[in-house]
Amino acid sequence: MNKIELGEFIKSTDKDLEIKEGNQFTEVTVPPLKLFSLAKQLKEREEVKFDFLVCISGIDYGADLGVVYHLRSTVYEHTIVLKTRTSDRVTPKLDSVTELWATAEFLEREVYDLLGIKFTNHPDLRRLFLDSSWGFPLRKDYVDDINIVTK
């Protein structure tokens with residue numbers, strides 16, 4: 001399935017999603033409330049079978065916090081990128097995808113540890129690298145006077 005056909009498949013699941021056939025991958029911008037549903041379809045639907053979660057990256061866009069998911073089908077050898085973001089910087093929450101891909105357990109913990117995004121329904125959401133005395137060091141508004149890290 002090429003990038004255009006993949007975009008058409010995504011549109012058939014939800015016509016309101018923003019799809020961009022980028023240079024390397026098809027990119028889909030997903031509202032947070034639709035993320036889990038789309039991810040589940042991408043994994044389970046035989047036409048696309050995205051059975052491998054390559055990585056999850058957390059991003060601080062300034063006003064919003066976001067998460068980017070790279071998914072790969074080992075059956076059809078195609079890749080897709082899902083992007084979602086929340087404007088809630090105080091208590092940011094997104095749905096966990098650990099139910100779909102077990103590797104998300106550690107990837108979501110990393111995003112939580114470094115950006116403070118909580119993943120609902122995560123089986124063991126706790127800090128991965130840092131203790132509770134740290135804030136969230138990958139946020140643009142992070143300040144650490146002890147180690148002289150400023151915004």
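Points worth noting:
- Flag for residue 124 being at pLDDT below 95, at negative phi and part of a loop (DSSP other than H, G, I, E, B): no
- Enumeration of residues in segment 43-74 that are among the hydrophobic types (A, V, I, L, M, F, W, C) and within 24 Å of residue 106 (Cβ to Cβ): 50, 52, 53, 54, 55, 56, 59, 65, 67, 68, 71
- Test: residue in segment 51-60 that is crowded, with 17+ Cβ neighbours inside 10 Å and of a type in the set (Asp, Glu): yes
- Some residue of segment 25-47 being surrounded by 14 or more Cβ atoms within 10 Å (Cβ to Cβ), over 10 Å from the mean Cα position of the chain (by Cα), modelled with pLDDT under 95 and not charged (D, E, K, R): yes
- Candidate set from segment 94-151 (those that are in contact with a His (Cβ under 8 Å, 6 or more places away or on another chain) and of a type in the set (D, E, K, R)); member that is farthest from residue 71 (Cα to Cα): 109
- Of the residues making up segment 77-90, none is touching a Ser or Thr at 6+ places or on another chain (Cβ under 8 Å), farther than 20 Å from residue 39 by Cα, surrounded by fewer than 15 Cβ atoms within 10 Å (Cβ to Cβ) and not hydrophobic (A, V, I, L, M, F, W, C).
The values are calculated or read from the model by the stated rules, or taken from the named source; none is laboratory data. Here the structure is a predicted model, which is why all the values come from computation and not from measurement. Ideal geometry is used to build each Cβ from the backbone, glycine not excepted, and the neighbour counts take in all protein chains shown.
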